[in-house]
Structures are given as C-alpha cells and as structure tokens.
Amino acid sequence: MNNPHQAQTHSPGKMFAGKKRTLVFALFCAIFCFSLAVCAAEEKPLLLTGGVQDNGPAPAARMPVAAPEISAEAGNFLEALQNANRAVAAAVLPSVATLDVFETRTVESSPLDGFPWFFFGRPDGNREDAPGRAREYEAEGLGSGVIIRREGNTYYLLTNHHVAGTASRIRVKLYDGREFSGTLIGGDERKDIALVSFESDDTSIAVARMGDSDLVQPGDIVFAVGSPLGYVSSLTQGVVSAVGRNGGPNGNINDFIQTDAAINQGNSGGPLVNIRGEVIGINSWIASSSGGSMGLGFSIPINNVKQAIDDFIAGGKINYGWLGVQLLQADREILESMGLENVTGALASQVFLGSPADKGGFLPGDYVTALNGEAVRSVDQLVRDVGDLRSGDTAEFTVLRGGETLTLTVRIDARDEELVADSSNLWPGFLPYELTGELRERLDLRANQKGVLVTNVMPKSPAAVMGLQSGDVVVQVNDRSVDSLTEFYAQLAGIPSGKEVWFTVLREGHELSTIRFRR
C-alpha cells in the first residue's frame with residue numbers, strides 16, 4: 001500500500017527534458033517580443049502564418065523632411081509684387097472716405113395708431129381711405145466716396161446718387177478717423193453720381209488722382225476700395241472682366257467696367273483704381289442673387305463723369321445736351337424688316353416736333369450710325385454722347401433712311417426734363433412693330449395680313465389724339481397701303497410738314513379711319 005507522505009523521485013533524463021522545453025519556450029517568447037518591437041518601429045505587419053515576409057531592404061532611419069526653400073528669384077518677385085500692392089494701398093486709401101448718410105422720409109400714419117384698439121375694435125375699420133397724417137423719420141445709410149478735388153478750403157467727394165443723392169444730412173469720415181459735416185452739392189439719377197463737399201483748412205488731406213478709363217482693357221489689375229458691410233478702408237484686388245457693359249439698374253445710362261474684385265454693400269461710391277493708384281471708375285452695383293459679392297461688380301467709368309463734376313460745382317446739376325428723338329435698341333425682327341440686320345446703330349423711332357432733331361431734318365425711322373464721325377455702338381452710348389454735348393453745339397449725325405445714307409446737321413439744345421416728359425409733341429406717338437407670323441396668330445389675323453402693329457401709344461401724343469389704340473394694325477397712311485415697317489416709315493416721311501395725316505387701322509376685324517392730325 002502506498003504511503004501518501006512518501007516523497008516522489010524523478011530520473012535525471014526526465015528532469016533535463018523538462019528544462020529543455022522550458023528554455024525553448026522562453027527563447028520563442030523572446031524572439032516573438034523582439035519581432036513585435038521591430039515591426040512596430042518599422043510600421044510593418046507581422047505574419048503569423050509561419051511564412052517569411054519580404055519587405056525589401058530595411059529603410060534608413062526616418063528624419064523630419066524640411067520644406068523646400070523658395071528660390072531667391074521667386075522670393076524677390078513676390079516681394080516686389082507685395083510692395084507694389086502696398087504702394088497702391090498707401091496711395092489711394094487716404095483719399096477714400098466713409099459716408100454716413102441720413103435721409104428724412106415721410107410715411108402716412110393714422111392718428112389712431114398706437115391706441116390698443118384690439119380691446120374695443122378700430123372705429124375706421126382699417127379702411128385704406130381712412131384719414132391719416134404724415135409722419136417723418138430719419139433713415140440712415142452707409143456708403144463710400146473718394147476725394148477728387150480741392151478748391152481753397154473746400155474738398156469735393158464723388159459718390160453714387162443712390163448713396164447720397166437725396167440725403168438731408170451727411171457725415172464724412174476720413175481714413176485717419178477725422179469726421180466732417182458734408183454738404184450735398186448735386187446728384188444725378190441718370191448717371192447715378194453725386195458730389196459732396198466738406199470744409200477744412202488742412203491742405204494735407206489726400207486728393208485722388210484721376211485716370212483714363214478709355215484705356216482700360218479686360219485683364220487689367222484693379223483694386224476696389226470702400227467700406228463694404230461697414231468695414232471701413234477695405235481694399236480688394238481683382239481684374240477687369242469686361243468693359244462696355246450696359247443695363248445698369250434704375251435706367252442708368254452709363255456703360256460699366258465689370259470686375260471680379262469683391263464689391264459688397266457699402267462699397268458703392270468708392271473708387272476702382274488701376275495699378276498706378278489712379279481712379280478709373282466709381283463702384284456702383286453688383287449682380288447677385290444673394291445681395292453679396294458673387295464676382296460680378298460694376299463700376300462707372302471715370303471718363304463718363306469728369307465733365308459732370310464741373311457741372312455740379314458750377315450749378316449743382318448736370319447740363320445735358322438734347323437732340324429730341326426717342327431712341328430704340330431695335331430687335332432682330334425690326335432690323336431684318338428694315339434691311340439693317342448687319343448694321344450697328346440706334347433707331348430714332350419717334351421725333352419731338354419742334355425739337356433740334358425736327359429742325360435738323362430727323363424723321364421717324366431714321367437709323368443713326370455715327371455722331372461726329374464716331375460710330376454708334378448702342379442706344380446708351382448715343383444717349384451719353386448726345387448728353388455730353390453742350391447747348392449751342394453743332395453736331396453731325398449719319399443716318400440711314402430708306403437705304404440711303406444722309407448727313408444731318410443739328411444744333412443741340414439744353415435738356416429740359418419737363419419738355420422731355422411731355423409726349424404731346426412726340427411724333428407719331430406710338431411704336432410701330434413689324435407683323436410676324438407669331439403676332440398674326442396671337443392676334444387672330446389672316447396669315448397674309450399686311451400692315452404694322454401699334455404698340456405703346458403715349459398719353460396726350462398725336463397718336464392718342466387721333467384715336468389709335470395699342471393692338472391696332474395700321475394698313476394705310478393717308479389712304480396709301482402699308483405692307484411693312486419700312487413702307488410705314490417711308491409713307492410717313494413723304495408727308496410734308498404742315499399737312500394732315502390720318503391712318504386706316506384694322507381693329508377687331510373692322511377697318512376704320514382715325515381723326516386727322518396736322519403736324
């Protein structure tokens with residue numbers, strides 16, 4: 001029987017075998033740990049499948065890589081560019097001012113406003129015709145301006161009409177922080193410019209240098225300066241995207257410099273300057289769906305307003321020249337019907353009786369191709385060029401009439417806004433339009449119907465007095481058939497001054513004659 005307390009003994013061979021297995025296991029663990037350490041250092045995966053991973057030759061120890069140095073040539077170029085930008089900023093910023101503009105506005109309000117009628121019911125029932133009273137309040141706005149002239153102690157700033165043209169009070173803040181009370185000298189909505197003055201005996205206040213906007217080309221580097229969104233003395237850089245752009249807001253007659261230099265609300269009235277720090281434009285408006293800069297900013301070319309500055313200082317307003325025609329940018333249908341599809345110019349669709357144009361021989365339907373030998377590119381350009389003429393100037397107009405080229409000499413008058421707004425002397429007083437297949441179908445006319453369509457009959461005009469209505473189709477002039485727009489103008493031109501004129505029109509399927517008018 002075995003004694004449970006009897007010591008157990010092992011042979012020497014078995015003891016050696018156990019120690020051997022222990023040593024092998026320990027060695028394997030050491031190798032495994034070492035391999036893990038090496039792999040972690042080299043960021044390589046360790047294969048545990050028994051195979052050998054060939055990672056190529058061991059890479060050199062990793063060291064931090066320094067960024068490549070900019071070459072001396074590149075560094076010098078960039079530094080010169082930076083210094084040039086700084087020079088432009090230093091030249092123009094001191095002449096740019098921020099304008100705090102205050103305008104007194106009037107609104108109609110009821111004397112019952114403010115009473116808690118929700119308890120009792122309002123006695124006037126909120127009627128639109130309920131008696132009210134005028135209430136004044138002061139609206140505040142922000143814009144920019146650029147100092148363009150000094151005469152004695154008077155400094156003049158150029159800005160936009162929509163910034164300061166109707167201001168009752170103006171505060172001028174200079175680049176160095178000084179503030180002055182500004183005075184509105186004059187404003188003009190057609191060109192969207194205004195002139196503001198302030199007084200100072202400090203002759204060191206910077207005055208901007210004027211450039212030549214006729215030399216501006218797409219690709220030119222420009223800087224827009226102003227107070228966008230209230231951030232005063234801001235400067236942005238870009239290029240001229242295009243020149244000669246038309247279609248400004250509110251009937252603006254300028255062409256425009258388009259730029260991708262960022263322009264935002266508050267930039268209006270600030271200058272657009274070239275690489276020499278010269279003012280080449282006045283920032284005016286942006287094309288944006290959100291109200292912020294979208295890369296489409298527009299500036300009024302400075303050459304458009306240089307003469308206006310003198311007019312403002314001399315008399316507080318721009319003295320426009322007046323020709324006395326209503327100009328039309330004819331569309332493709334009109335130009336094709338008159339055989340002018342490849343000719344650039346402006347159509348004199350109507351003429352004011354007794355005007356310089358009438359006295360100089362202009363007739364409705366004349367197509368103006370040149371003024372004083374300079375080609376007419378658009379209606380807006382011709383309006384600007386005529387407006388820049390002085391009262392008493394003699395101008396030569398090249399016109400096409402019935403396929404013939406004529407030169408008309410006209411003595412320009414001063415523009416009178418009341419006279420321009422009075423259509424009682426506007427001949428013939430409506431816009432004739434070529435009948436097209438689409439118009440015949442829309443008006444339910446015969447497919448072969450001849451004549452011209454009457455559109456835009458002007459109130460109190462000869463056409464209105466004669467009884468013409470928009471939608472009529474003129475088929476005869478003084479009992480002579482009219483088949484096209486060209487024939488209409490030709491028939492009208494053949495009637496001497498002082499003779500009676502009448503039209504035969506088609507209206508709602510019936511022909512009728514108008515009242516006779518002696519022109």
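The values are calculated or read from the model by the stated rules, or taken from the named source; none is laboratory data. Model, not experiment: these values are computed from the prediction. Quick reminder, even Gly has a Cβ in these numbers, built from the backbone with ideal geometry, and neighbours come from all protein chains shown. Please note that ligands, DNA and RNA were not included when accessible areas were found on the heavy atoms of the full protein model with its side chains. Shrake-Rupley method; radii C 1.70, N 1.55, O 1.52, S 1.80 Å.
Restricting attention to the alpha-carbon atoms of region 372-519, what are Rg (one decimal) and Dmax (integer), both in Å?
17.5, 51
Taking the Cα atoms of region 149-209, what is the range of coordinates along each of the three principal axes, in descending order and whole Å?
That gives 34, 23, 18 Å along the principal axes, largest extent first.
Excluding Val501 itself, what net charge comes from residues whose Cβ is under 9 Å from its Cβ, given Lys and Arg +1 and Asp and Glu -1?
Net charge in that neighbourhood comes out at +3.
Around Leu382, under 13 Å between beta carbons, what's the net of Lys plus Arg minus Asp minus Glu among the other residues?
Net of charged neighbours comes to -4.
Provide the per residue accessible area, probe 1.4 Å, for region 407-469, rounded to a whole number of square angstrom.
Solvent-accessible surface per residue comes out at 54 Å².
If you consider only alpha-carbon coordinates, what radius of gyration and Dmax does region 250-391 have, in Å?
In order Rg, Dmax, the Cα atoms of region 250-391 give 18.1, 49 Å.
I need the calculated FRET efficiency for the pair Glu79 and Arg209, taking r as the beta carbon distance and R₀ as 35 Å, to the nearest 0.05.
0.85
Any chance you could list the semi-axes, whole Å, largest first, of the equivalent ellipsoid that the Cα gyration tensor gives for region 448-506, using √(5λ)?
Over the Cα atoms of region 448-506, the semi-axes work out to 17, 16, 9 Å.
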